[in-house]
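Right, one structure below, let's go through it.
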Amino acid sequence: MRQSYRKTYVIGCFIIFLITSCTSSQSTDLVDFVNPYLGNISHLLVPTYPTVHLPNSMLRVYPERADYTGDLLNGLPVAVTSHRGSSAFNLSVFQGDELELKPVIPYSYDREKITPYDYFVYLDEQETSVYYAVSHQSGIYELTFGHTDPVYLILNSRRGELQWDGKAFSGYQQLQNNTRIFVYMEPDIQPQGANDKAASGQNAHLVLSYPSNTKQLKLRYGISFIDTVQAKKNLYREMSGFDPSGVAEKGRQTWNETLGKIKVDGGSYDDKVVFYTSLYRTYERPVCISEDGRYFSAFDGEIHNDNGAPFYTDDWIWDTYRATHPLRTIIETEMESDILNSFLKMSEQMPEFWWPTFPEITGDSRRMNSNHGIATVIDAYRKGLKGIDLARIYPAVRNAVMEKTLAPWSGKPSGELDRFYHEKGYVPALREGEEETIPEVHGFECRQPVAVTLGTSYDEWCLAQIARELGKEDDYEYFLKKSYNYRHLFNPQTGFFHPKDKDGNFIEPFDYRFSGGVGARQYYGENNAWVYRWDVQHNVADLIHLMGGRENFIRNLDQTFREPLGKSKYDFYSQLPDHTGNVGQFSMANEPSLHIPYLYNYAGQPWKTQKRIHILLNQWFRNDLMGVPGDEDGGGMSAFVVFSQMGFYPVTPGIPAYNIGSPFFAKTVISLPGGKAFTVIARNFSEENKYIQSAELNGIPWEKPWFSHDDLKNGGTLELIMGNKANKQWGSASQDTPPSEGELTD
């Protein structure tokens, strides 16, 4: 009955929405615009996952199957422990021959419906309806049976221990790095029997049996990273009974309040779906793992008191520093401060006092290249977030560059490769066939010398800014000079960043599309030289200078979107599988590309940014199963969409300013701390009218294609007059260029 009612309610809301038109976001609860299925079929690599969770909460689930098109569900999920992890525990229900019982039952299924806060699926061969609702650290299942056969309930731990005490399941699954996830689960009806009281090892599982004609079962459970006692406490704190509808309603309210921090009007229904689905994805990670004031840290294997400050982990910073962290500096300032202080605690808990790069539930995995977590610190500090203790943080971020190796995917101390970089100012490349002998380089990876040199130049710019804030003038001068190290690899003959060998010679012959092997990793990282040509986000002014001025810069930028693949798609993507979402050599599917469309603002042609943003979002971010072009990575790419649809973007975390693009809504209202609001109004708004004709900021004529964070955080209104043809003069004056470090003076 409940599911029929829910379907009637959703259909009714949609009819009302159509009647009252698409101009008001009040006609539908904001959470109803979220489509968790958006992007579930990938263009090539990893898809998005339709995750049921509350904002930044510990408990997350999604259907466990090979991929969206998978014909079978592998049991029912209990918890996932990372963005791409499989279920930590698995629940199966079965009616049939007892001899057919397995640790995990595969299900044929139909009528699946997922929202951010609940889940329904019909197991058609079993004739069982499954309804699920989630809270922060607990969840609840309601199982309704169509057969009259006896019912078997199976709880499985892939690697761990389980117990049945006559009332409830309890136990754990062993994860990496001495980390365990614990569960406490109890049914509303006690079984007539259990196959055993305990199980351990691989696929440890216990089976409960229920008599014929059992019509319905409910199971509620809590999870913990501390112990089963805490898992039980988490359950009882959040659920007083067996009421999945009540849990779902609380979840729905939570999501409406969270998504309501940004309200949009105007624009199409599909644009709202893309916007609010993207906003929902920015709240998937990192997750708060504080439990009644305590948390287990995989960074030292100990249980700590959080002293009133929630502890967050599971954040792939290489992806999220660009836009996800900056988004939180606007709408979740307290949370962002807690996240950065969690990073500090991680640094203090690890054997080496190094700022984390990829902090996960099981510790810092040190993936990808560079140490861009440094950028999150200076960005938050310069935007006025409270509780950022630069003096305590600075040694950890400095050590992350000076003591930890710069080699990608490695957590080793600095060595020969790092000494070369700090002395010569670039990471040397190996020539074709030259064997890797440096032990810091991960056996799976390559040096990625251009990517690491460019990324570390930005990290060192961030270090220089932190040193300056602390009055450390010697360090400021030292790191500021090193922030120009990208210059060592700039090839003035070609206008590209070009790998050099240890003797300072450019590697020749060289193809900027295809040299570097799989993922171009021998020289770059996941993307080719056309993308890394623009990876100087802290100093676009100097990059324009290196390329010979504005005209050449624009010409090179245009050509990035026009340069052919150079091979068949089959051959191109077999070598560069992350380099998808192509417009020419530009890759909409990978994070190093996100700022590139906004670079026209720096060279006097912001109208091209306005045009390009609309083209890219309309091409690659859509309300359908393939509506995300590449690895979304828990908010990394989605935050780009949120910013861009609002009409502005933070090109350089660490510089408290935003580049103006072109909004997708007639009005966007951002709720700020202290009851303030920042509003973006697009006059004459329509899908065709994407070009800014003129602008006002707080009633004052505004000619700059950017504005400061102070303009935003104090509240106010950015009003844009839109048209269907470009005003090529607006924002084009050299004195109105967005802020950048500046040309190097010899």
Inset, instruction - Would you be able to say whether some residue in segment 169-180 is over 17 Å from residue 232 (Cβ atoms), crowded, with 20+ Cβ neighbours inside 10 Å and among the polar types (S, T, N, Q)? - result: no
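Go through segment 641-684 and tell me which strands (runs of 3 or more DSSP E), entirely inside it, have 3 or more residues that are within 22 Å of the chain's Cα centre (by Cα). Give the steps one after another, and end with the answer.
Values: elements: 657-660, 667-671, 677-683.
It comes to 657-660.
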Inset, instruction - Evaluate segment 99-113: report whether one residue or more is under 17 Å from residue 133 (Cβ atoms) and surrounded by 16 or more Cβ atoms within 10 Å (Cβ to Cβ). - result: yes
Legend entry - Cross-chain or 6+ apart pairs with Cβ under 8 Å, segment 116-130 first and outside the structural domain of residue 285 (by TED's automatic domain parsing) and under 17 Å from residue 251 (Cβ atoms), then surrounded by 21 or more Cβ atoms within 10 Å (Cβ to Cβ) and small (Gly, Ala, Ser): 116/251; 117/133; 117/248; 117/251; 118/133; 118/248; 118/251; 119/133
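Out of 97, 110, I need the residue that is without any contact (Cβ under 8 Å) to a residue 12 or more places away in the chain, farther than 30 Å from residue 289 by Cα and in the same structural domain as residue 70 (by TED's automatic domain parsing). Which one? Give the derivation first.
On the way: 110 fails: without any contact (Cβ under 8 Å) to a residue 12 or more places away in the chain.
Of the residues listed, the single one that is without any contact (Cβ under 8 Å) to a residue 12 or more places away in the chain, farther than 30 Å from residue 289 by Cα and in the same structural domain as residue 70 (by TED's automatic domain parsing) is 97.
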Inset, instruction - Check off (1) of a type in the set (Gly, Ala, Ser); (2) crowded, with 22+ Cβ neighbours inside 10 Å; (3) in contact with a strand residue (DSSP E or B) (Cβ under 9 Å, 6 or more places away or on another chain) for residue 365 and give me the number that stays unchecked. - result: (2)
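Of everything in segment 68-121, what is assigned to a strand (DSSP E or B), in contact with a helix residue (DSSP H, G or I) (Cβ under 9 Å, 6 or more places away or on another chain) and within 27 Å of residue 170 (Cα to Cα)? Give them in sequence order. Steps first, please.
Going through segment 68-121, the residues assigned to a strand (DSSP E or B) turn out to be 72-74, 76-80, 87-94, 106-108, 110-114, 118-121.
Now narrow it down to the ones that are in contact with a helix residue (DSSP H, G or I) (Cβ under 9 Å, 6 or more places away or on another chain): 94, 111, 113, 118, 120.
Of everything in segment 68-121, those that are assigned to a strand (DSSP E or B), in contact with a helix residue (DSSP H, G or I) (Cβ under 9 Å, 6 or more places away or on another chain) and within 27 Å of residue 170 (Cα to Cα) turn out to be 94, 118, 120.
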Inset, instruction - State all residues of segment 273-283 that are surrounded by 24 or more Cβ atoms within 10 Å (Cβ to Cβ) and either touching a strand residue (DSSP E or B) at 6+ places or on another chain (Cβ under 6 Å) or of a type outside the set (Ser, Thr, Tyr) (or both); if no residue qualifies, say none. - result: 274, 275, 279, 281
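Condition first: at pLDDT below 95 and among the aromatic types (Phe, Trp, Tyr). Now tell me which residues in segment 620-631 satisfy that.
none
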Inset, instruction - Output the residues belonging to segment 71-112 that are at pLDDT 95 or above and closer than 23 Å to residue 626 by Cβ. - result: 71, 72, 73, 109, 110, 111, 112
Legend entry - Number of the exception - residue 639 against (1) touching a Leu at 6+ places or on another chain (Cβ under 7 Å); (2) closer than 16 Å to residue 266 by Cβ: (2)
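Whether any residue in segment 353-364 is outside the structural domain of residue 81 (by TED's automatic domain parsing), over 23 Å from residue 284 (Cα atoms) and at pLDDT 95 or above is what I want to check. Reasoning before the result, please.
Restricting attention to segment 353-364, the residues satisfying the condition of being outside the structural domain of residue 81 (by TED's automatic domain parsing) are 353-364.
Add one more test, that the residue is over 23 Å from residue 284 (Cα atoms), and what stays is 353-354.
If we keep only those that are at pLDDT 95 or above as well, we get 353-354.
Yes, that holds for at least one residue.
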Legend entry - Extreme residue, surrounded by the most Cβ atoms within 10 Å (Cβ to Cβ), among residues of segment 131-156 that are in a loop (DSSP other than H, G, I, E, B) and touching a residue at least 24 places away in the same chain (Cβ under 8 Å): 137
Inset, instruction - Please go through segment 698-716 and pick out each residue that is in a strand (DSSP E or B) and crowded, with 16+ Cβ neighbours inside 10 Å. - result: 706, 707, 708, 716
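Please work out if residue 44 is modelled with pLDDT of 95 or more and either over 19 Å from the mean Cα position of the chain (by Cα) or hydrophobic (A, V, I, L, M, F, W, C) (or both). Before the answer, list the steps.
Numbers: modelled with pLDDT of 95 or more: no; either over 19 Å from the mean Cα position of the chain (by Cα) or hydrophobic (A, V, I, L, M, F, W, C) (or both): yes.
Criteria not met by residue 44.
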Inset, instruction - Please state which one of 726, 682 is buried (at least 20 other Cβ atoms within 10 Å of the Cβ) and either more than 16 Å from residue 645 (Cα to Cα) or not charged (D, E, K, R) (or both). - result: 682
Inset, instruction - Identify, from the list 581, 634, the residue that is at pLDDT below 95, of a type outside the set (D, E, K, R) and over 22 Å from residue 740 (Cβ atoms). - result: 634
Inset, instruction - Test residue 398 against the criterion of being at pLDDT 95 or above, surrounded by fewer than 24 Cβ atoms within 10 Å (Cβ to Cβ), more than 25 Å from residue 364 (Cα to Cα) and within 30 Å of the chain's Cα centre (by Cα), and give yes or no. - result: no
Inset, instruction - Kindly provide the set of residues from segment 538-554 that are surrounded by 24 or more Cβ atoms within 10 Å (Cβ to Cβ), within 29 Å of residue 567 (Cβ to Cβ) and in contact with a helix residue (DSSP H, G or I) (Cβ under 6 Å, 6 or more places away or on another chain), ordered by number. - result: 553
Legend entry - Filter result for residue 441 (closer than 16 Å to residue 524 by Cβ and free of Cβ contacts under 8 Å to residues at least 40 places away in the same chain): yes
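Under 30 Å from residue 579 (Cα atoms), basic (Lys, Arg) and touching a strand residue (DSSP E or B) at 6+ places or on another chain (Cβ under 9 Å) - does that describe any residue in segment 721-734? Before you say what the answer is, go through the steps one by one.
Pass one, segment 721-734, residues under 30 Å from residue 579 (Cα atoms): none.
No, because not a single residue in segment 721-734 is under 30 Å from residue 579 (Cα atoms), basic (Lys, Arg) and touching a strand residue (DSSP E or B) at 6+ places or on another chain (Cβ under 9 Å).
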Legend entry - Where residue 576 falls short, out of the listed (1) hydrophobic (A, V, I, L, M, F, W, C); (2) under 28 Å from residue 34 (Cβ atoms); (3) out of contact with any Phe, Trp or Tyr (no Cβ under 6 Å at 6 or more places or on another chain): (2)
Legend entry - Residue under evaluation residue 570, criteria (1) touching a residue at least 60 places away in the same chain (Cβ under 8 Å); (2) surrounded by fewer than 21 Cβ atoms within 10 Å (Cβ to Cβ); (3) among the aromatic types (Phe, Trp, Tyr), criterion not met: (1)
Legend entry - Every residue from segment 368-395 that is farther than 22 Å from residue 673 by Cβ, among the small types (Gly, Ala, Ser) and surrounded by fewer than 18 Cβ atoms within 10 Å (Cβ to Cβ): 391
Legend entry - helices (runs of 4 or more DSSP H) contained in segment 291-359 and holding at least 2 residues touching a residue at least 60 places away in the same chain (Cβ under 8 Å), surrounded by 20 or more Cβ atoms within 10 Å (Cβ to Cβ) and β-branched (Val, Ile, Thr): 324-331
Inset, instruction - Kindly indicate whether any position in segment 60-67 is touching a residue at least 24 places away in the same chain (Cβ under 8 Å), exposed (fewer than 15 other Cβ atoms within 10 Å of the Cβ), outside the structural domain of residue 313 (by TED's automatic domain parsing) and not in a strand (DSSP E or B). - result: yes
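The values are calculated or read from the model by the stated rules, or taken from the named source; none is laboratory data. The structure presented is a predicted model; accordingly, all values stated were derived computationally and were not measured. Methodologically, a virtual Cβ is constructed for each residue, glycine included, from the backbone with ideal geometry; neighbour enumeration extends over all protein chains shown.
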